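Nothing in this text is a laboratory measurement; each read-out follows from the coordinates by a stated rule. Small disclaimer: the values here were computed from a predicted structure and weren't measured. Please note: Cβ atoms are built from the backbone with ideal geometry, for glycine as well, and neighbour counts cover all protein chains shown.
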Amino acid sequence: MKYPEVKNYIAGNFSSNGHKTLDVLCPSDGAVISKVPLSGKDDLDQAVKAAQTAFPKWSNTPIKERVQIFYRYKTLMEKHLNELAVIVHEENGKTMDESIAEVAKSIELTEFACSMPQLVAGEVMEVSAGVECRVEHKPLGVVASIVPFNFPHMVPHWTLPNAIVLGNCFILKPSEQVPISSNRIAEMLKEAGLPDGVFNVVNGDREIVEAICDHPGIEAVSFVGSTKVAKIVYKRSCSSLKRCVALGGAKNHLIVLPDAHVDMTASNVAASMSGCAGQRCMAASAMVGVGPIDPIVAKICEEAKKIIPGKNLGSVITKEAKEKIERYITEAEKAGAKILVDGRNAKVAGSEKGFYVGPTVIDFVTPDMAIAKEEVFGPVLAIIRSKNLDEAMEIENSSNYGNAAAVFTQSGALARIVMEKASAGMIGVNIGVPVPREPFSFGGWNESKFGTCDITGKSSIEFWTKLKKTSTKWNPEARTNWMS
């Protein structure tokens, strides 16, 4: 194995406790690169206890001192960027360029966390003669994040820097498919000076997810994954009286109007549907063409053919994922859709055992087809034709999901219609992947998100803290009224 066996990280120490393990595969060539333990409830209990022990001192450490650790941590990530990107590349299968970009985003997220002292300074006001009110953000206690396979380095950084800087102690549950990055994160946080117990990692599968939802010592849970599991995690966490924000799947619609800039639209759409092998909740998986758009479709196909598996297109995560994606394509073809670019049965010389699906463009998809409604999570673009913008908006609005939507046009008035009417939390105009950057927060609508507040940016402050309101009066001579 290329990497040592993955271990849990609890109270500043790595341990595996002799658990049953799963193989960790490199999706690019199918090789076993590590093993990951399947932890039990006892391991979670140990992690919670370690976090509870660390919480009093950490939460009472001034926030100006807490962020100093993350300044050092940010510097370490910058120093080891290529090393961290190689881990992402090998455990997830995305290209090196994409892996470098992922770690760069983790650095940006940590940089935002370092600005927290300015964002949570609190408020003070004299609300009546001699009476002062103060509002402060206080940490919740022990919190946890359950993260997915598609961004093994970035998604943990959606939550851990903000939550920890705000004074919480943290438990991370990585995807068992990509656990290596989380061990390296733990090592670097310790090197940066984070006290033992403030950050912990517990590996495992469904048993640990359920245990996190149920554990009475955990105050809040964030989750990123499929909508099916997001619903379960949200309901189960809330039934245990926890805060929870759970991000689910997506079916993002790119609405392309006839006046769209051909080259810009084609390159954006192709990149959006194929980036990270389509394994991201912001991928363009459905394009709604309005009216005569054949020149744009032809250019999209031309751009898609430049995307080569193993070169500038990474692998999907497992053999099962590859088979599922290709099954969607075949079913759409059987239902009458036209395959313009076919990525099935992709092979990469020297990596024949890798899990690759080539870029795929499917035209004349109808709204009732599974590929038009369900999250495929692969480098596949389904093109749906519509007569006018009203019909296109009906198609977009009919989706159960609501992560993102985008419009490609040179008309500000038509773009405004989409911006106002799209049922999605993140909107793009001539941008295929409309991810907000810090300090703006990430989060969708409908069945793409469950719970209040967003998972990143300023909105996350409300999720990871509780407000303490203090009223004081020291002057007995001050005049009184009903407020004092």
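If you stretched the chain out fully between Ile427 and Ser471, how much longer would it get, using 0.36 nm times the residue separation minus the C-alpha to C-alpha distance?
Numbers: separation 44, 0.36 × 44 = 15.84 nm, distance 4.17 nm.
Stretched fully, the Ile427-Ser471 segment lengthens by 11.7 nm.
Counted over the stretch 337-454, the DSSP beta bridges are approximately 25% antiparallel.
Could you sort the peptides 348-356, 2-10, 180-188, 127-135 by per-residue average Cβ neighbour count (10 Å cutoff), highest mean leading? Kindly include the intermediate steps, with their values, before the conclusion.
Values: 348-356: 16.3, 2-10: 20.2, 180-188: 22.0, 127-135: 14.6.
Per-residue mean Cβ counts within 10 Å order the peptides as 180-188, 2-10, 348-356, 127-135.
Size descriptors for the chain: radius of gyration and Dmax over Cα atoms are 24.0, 86 Å.
The tail of the calculated P(r) for the stretch 58-214, taken as Cα-Cα distances beyond 29 Å, holds 23 percent of the pairs.
So, with +1 on the Cβ of K and R and -1 on the Cβ of D and E, and no other charges, what is the size of the charge dipole of the chain about its Cα centre, to the nearest 20 debye? Walk me through the numbers before you get to the answer.
Values: 54 positive and 55 negative charges, 159 e Å.
It comes to approximately 760 debye.
Normalising the average separation of contacting C-alpha pairs (under 8 angstrom, six or more residues apart) by the number of residues puts the relative contact order of the stretch 291-388 at 30 percent. Counting only aspartates and glutamates at least 8 places from Lys353 when in the same chain, those with an alpha carbon closer than 19 Å to its own are Asp23, Asp29, Glu90, Glu91, Glu320, Glu323, Glu326.
Exposure proxy ranking for Leu414, Leu313, Leu257, Leu467, based on other Cβ atoms within 10 angstrom of each Cβ and starting from the fewest, stands as Leu467, Leu414, Leu257, Leu313.
If R₀ is 45 angstrom, what is the calculated FRET efficiency for the pair Glu302 and Phe14, using the beta carbon separation as r and rounding to 0.05? Write down the numbers at each step before the final one.
Working: r = 50 Å, r/R0 = 1.10.
Once the sixth-power term is evaluated, E becomes 0.35.
Taking the charge dipole of the stretch 353-403 about its Cα centre, with +1 at Lys and Arg Cβ atoms and -1 at Asp and Glu Cβ atoms, the residue from Gly354, Ile383, Val365 reaching farthest to the positive side is Gly354.
Could you put Phe408, Phe55, Phe199, Phe440 in order, starting from the residue whose Cβ has the fewest other Cβ atoms within 10 Å? The partial results should precede the final answer.
Details: Phe408 29, Phe55 19, Phe199 26, Phe440 13.
Listed from fewest to most nearby Cβ atoms, that is Phe440, Phe55, Phe199, Phe408.
Quick one: which of Lys251/Lys324; Lys306/Lys347; Lys7/Lys190; Lys7/Lys322; Lys20/Lys79; Lys2/Lys94 span more than 25 angstrom between C-alpha atoms? Pairs exceeding 25 Å: Lys7/Lys322; Lys20/Lys79.
What does the charge dipole of the stretch 418-473 about its Cα centre add up to, to the nearest 20 debye, if the Cβ of each Lys and Arg holds +1 and the Cβ of each Asp and Glu holds -1?
440 debye
Net length available on complete extension from Glu333 to Met96 is 82.1 nm, with 0.36 nm assigned per residue and the Cα-Cα distance removed.
Just for the chain, what percent of DSSP beta bridges are antiparallel, to the closest 5? Walk me through the numbers on the way to the answer.
Values: 28 of 68 bridges.
The antiparallel proportion sits near 40 percent.
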